[in-house]
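In what follows, a single structure is set out as structure tokens and then discussed.
The values are calculated or read from the model by the stated rules, or taken from the named source; none is laboratory data. Everything numeric here is computed off the predicted structure, so don't read it as measured data. For accessibility, only protein heavy atoms count, side chains too; no ligands or nucleic acids. Shrake-Rupley method; radii C 1.70, N 1.55, O 1.52, S 1.80 Å.
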Amino acid sequence: PLPGELLSAGGLLKQSSACQYDRPLSFRQLLAGEKFGGYFDTNGEDAPWAIVQLPGDAELSGIVLVNRFEYEPESAWVAPLRVSVSTDGKTWTPVANFDQVQSLYRIALSGKAVRARFVKAERLPGKTDRFHLRGFMVYGKKLY
């Protein structure tokens with residue numbers, strides 16, 4: 001875990017689409033990092049995304065994304081990946097880019113004064129596979 005409070009545990013998840021394998025009843029585990037996490041699963045589309053809306057503005061200390069690991073060929077569907085933040089859900093500032101597939105994406109933001117209410121993970125254009133994650137955790141300090 002990263003320093004600070006696990007803010008995403010009180011957040012909401014929205015995604016670009018939902019496919020038949022999507023598990024919205026598991027979103028709480030996905031955002032709270034509980035047990036093996038939940039997961040979301042979009043349709044196959046170019047540039048899919050998922051956004052966590054926090055209960056209010058926060059100063060972020062870090063973000064952790066957990067790739068789906070139970071079926072190896074599908075883990076490659078996540079990258080290339082961009083993670084961005086926003087205070088209004090309209091204007092986005094990138095905080096990390098990942099070109100390589102990883103099982104865990106860890107973004108340390110302590111001391112960088114990153115303020116946000118929304119955090120977006122998006123696969124960059126070029127693939128039309130489904131997009132899914134097993135964990136989407138945002139850490140930091142509440143400003144609300």
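Under 16 Å from the Cα of K35, which aspartates and glutamates turn up, not counting those fewer than eight places away in the same chain?
E70
Expressed as a whole percentage, what fraction of the accessible surface of the chain belongs to carbon and sulfur atoms when a 1.4 Å probe is rolled over the protein heavy atoms? If you can, show how the numbers build up before the last one.
On the way: 3700 of 7160 Å².
Reported share for carbon and sulfur atoms: 52 percent.
Keeping all protein chains in the complex and leaving out DNA, RNA and ligands, what accessible area do you get for D99 with a 1.4 Å probe, in Å² to the nearest 10?
Counting only protein heavy atoms, the figure is 120 Å².
How large is ³J(HN,Hα), in whole Hz, for each residue of the range 83-96 in order, when computed from phi with the Karplus curve 6.51 cos²θ - 1.76 cosθ + 1.60 and θ = phi - 60°, using x for Gly and Pro?
Here the 3J(HN,Hα) series is 10, 10, 10, 7, 9, 10, x, 10, 9, 10, 10, x, 10, 6 Hz.
How would the range 13-62 be classified by its alpha-carbon gyration tensor: rounded, prolate or oblate, with rounded meaning a/c under 1.5 and the a/b versus b/c comparison settling the rest?
Judged from the Cα gyration tensor, the range 13-62 comes out oblate (a/c at least 1.5, b/c at or above a/b).
Which number do you get for Rg(Cα) / (2.2 N^0.38 Å) in the chain?
Normalised Cα radius of gyration, the chain: 0.95.
Summing -39500 (n - 2.57) over the DSSP H runs of n ≥ 4 in the chain and dividing by its residue number, what mean residue ellipticity at 222 nm do you reach, to the nearest 500 deg cm²/dmol?
Result for the chain: -1500 deg cm²/dmol, rounded to the nearest 500.
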